[in-house]
Ligand SMILES: Cc1cc2nc3c(=O)[nH]c(=O)nc-3n(C[C@H](O)[C@H](O)[C@H](O)COP(=O)(O)O)c2cc1C
């Protein structure tokens, strides 16, 4: 290895912290701006910036919990499933909504813009973890529901790539099984 770096140790051990195990304190405005700056430093074919951030503080998380509670039955969501969706917002003190915001382009297919939005989500999770925060990338039915998207102020072509929950992890969950690289990798010399 030409240049072993502590970053590699981080990448080999990083793991999300479940949203239900996150509590205050959460990153302040300056800390979050730094995390967002790191998150936005992603591959982006054509420099279209096909994503943006909507930061939900505590009051906005509670507002989302209320909106999800009201919309769930209307949207035909199973009540048990909706209790979980509501609880995720009701417990949160800071959520960054990563909004995929595709740009019209003859050159860059929309799928590539989607991949860039996913990279932003992972970048934000990783930046937060690297700073010692807990972070969790969630979606759930509200991410895909048009009235909920309108409630969040999304334009018709936009959609939620992730609700990134941020905070302080109050417990460390057991490690999840990790992929078998040999089983997933084909080599051609
Ligand atoms: C696009 C996307 C959406 C996800 N949505 C949810 C979700 O709604 N609920 C959930 O429990 N996990 C969800 N997950 C999985 C969590 O992010 C999970 O914590 C993560 O896969 C743990 O992996 P890590 O420890 O390698 O970071 C989602 C993952 C992705 C990539």
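A short reminder: the numbers here are calculations on the coordinates, not readings from a lab. Nothing here was measured: the structure is a model prediction, and the numbers come from that model. Neighbour counts run over all protein chains shown; Cβ positions are idealised from the backbone, glycine included.
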By Cβ neighbour count within 10 Å, fewest first, 185, 33 rank 185, 33
Zone reached by a paramagnetic label modelled 7 Å from residue 115 Cα along Cα→Cβ, restricted to the stretch 34-63 with backbone N below 12 Å, covers 43-46
Using the Kirkwood formula on alpha carbons, the hydrodynamic radius of the stretch 1-155 in angstrom works out to 17.0
At the level of C-alpha centres, the distance separating the stretch 1-64 and the stretch 112-135, in angstrom, is 5
The chain: relative contact order from alpha carbon pairs under 8 Å, six or more residues apart, as a whole percent, is 33
If the chain between residue 103 and residue 20 were fully extended at 0.36 nm per residue, the gain over the current Cα-Cα distance would be 26.5 nm
From DSSP H assignment alone, runs of 4+ in the chain each adding -39500 (n - 2.57), the sum over residues rounded to the nearest 500 puts [θ] at 222 nm at -13500 deg cm²/dmol
The FRET efficiency for residue 187 and residue 11, from their Cβ-Cβ distance with R0 = 22 Å and rounded to 0.05, is 0.55
Exposure-ranked with fewest Cβ neighbours within 10 Å first, 131, 121, 61, 29 stand as 29, 131, 61, 121
The residues 148, 64, sorted from fewest to most surrounding Cβ atoms within 10 Å, come out as 148, 64
Expressed in nanometres to one decimal, the distance between label points 7 Å along Cα→Cβ at residue 49 and residue 69 is 3.7
